[in-house]
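Written out below as structure tokens is the structure these notes cover.
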Amino acid sequence: MAEGSNRRISGKAITESNQSKPSQKMNTSEKVKTRTIVIPDDVEAVKKLWFDYLVWGNDKMQELYGVHPHNPQEAVDQDIQHIDKFQPPYGQLILASYEGKLCGLGSLKRINSDIGEIKRMFVDPASRRIGAGRAILEVLLLEAKKVGYKIIRLDSPKFMEPAHSLYRSFGFRDIDAYPEMEIPEEFKDYLLFMELDLTDDTK
């Protein structure tokens, strides 16, 4: 870490270990590593993590609310077909690993020139509470600042309270559903919508 330089995201200092490779560094836990995806090498791993996320989320939504918002395989196939939206210059897709094993991912995409959106944040249930989610979010917000986004938005199922606590620790606040959300109207009552002002260093 001694070689890193400090940057700030909404008043929080983040250490970059390598300016030339901002997405490959040690993060919150010294055993959690993050990196950007390599296409096509990582596509199968991304597909599996996305599928696992949607199946897990669907099962929880069915259990708690009696709704089943996705066909996981169709949703994954659609996102893979349009994976370029999660790629530079306006997006990014980050993988996290713990002790050499992939354990989570998160992505950034463009809404407009000022606003980006975080999508598909997921850490495998067996790998939670090790700092992987925080590590992924740190990198995504750094990437968002590099793109020049001023605002970051996201949606998250209401049952994901630990994730909401993580987002709030970075300065995210609750907002109303936004027009660009990719959520069918009939499911929006089961989700929380959040926003972070990247230009506000007072938080």
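The values are calculated or read from the model by the stated rules, or taken from the named source; none is laboratory data. Predicted model only: the values in this text are computed from it and were never measured. All Cβ positions, even for glycine, are placed from backbone atoms using ideal geometry, and neighbour counts span all protein chains on display.
Only one of the listed residues (Y90, Y65) is within 27 Å of K150 (Cα to Cα) and surrounded by 15 or more Cβ atoms within 10 Å (Cβ to Cβ). That residue is Y90.
When S156 is tested against (1) over 23 Å from E143 (Cα atoms); (2) buried (at least 17 other Cβ atoms within 10 Å of the Cβ), exactly one condition is not met: (1). Tally up the residues in segment 137-185 that are of a type outside the set (A, V, I, L, M, F, W, C), within 12 Å of L196 (Cα to Cα) and in contact (Cβ under 8 Å) with a residue 60 or more places away in the chain, please. Qualifying residue count, segment 137-185: 2. Considering the conditions (1) modelled with pLDDT of 95 or more; (2) assigned to a loop (DSSP other than H, G, I, E, B), E182 is excluded by exactly one of them, (1).
When A126 is tested against the conditions (1) within 21 Å of D42 (Cβ to Cβ); (2) among the aliphatic types (A, V, I, L, M); (3) buried (at least 17 other Cβ atoms within 10 Å of the Cβ), the lone failure is (3). Scanning segment 29-62 for residues that are surrounded by 15 or more Cβ atoms within 10 Å (Cβ to Cβ) and either within 21 Å of E186 (Cα to Cα) or polar (S, T, N, Q) (or both) gives S29, T34, T36, Y53, L54, G57, N58, M61. Restricting E161, E99, E182, E138 to residues that are of a type in the set (D, E), farther than 19 Å from I83 by Cα, within 16 Å of the chain's Cα centre (by Cα) and surrounded by fewer than 17 Cβ atoms within 10 Å (Cβ to Cβ) narrows the list to E161. Within segment 145-166, the set of residues being in a helix (DSSP H, G or I) and in contact with a Lys or Arg (Cβ under 9 Å, 6 or more places away or on another chain) comprises K145, V147, P162, H164, L166.
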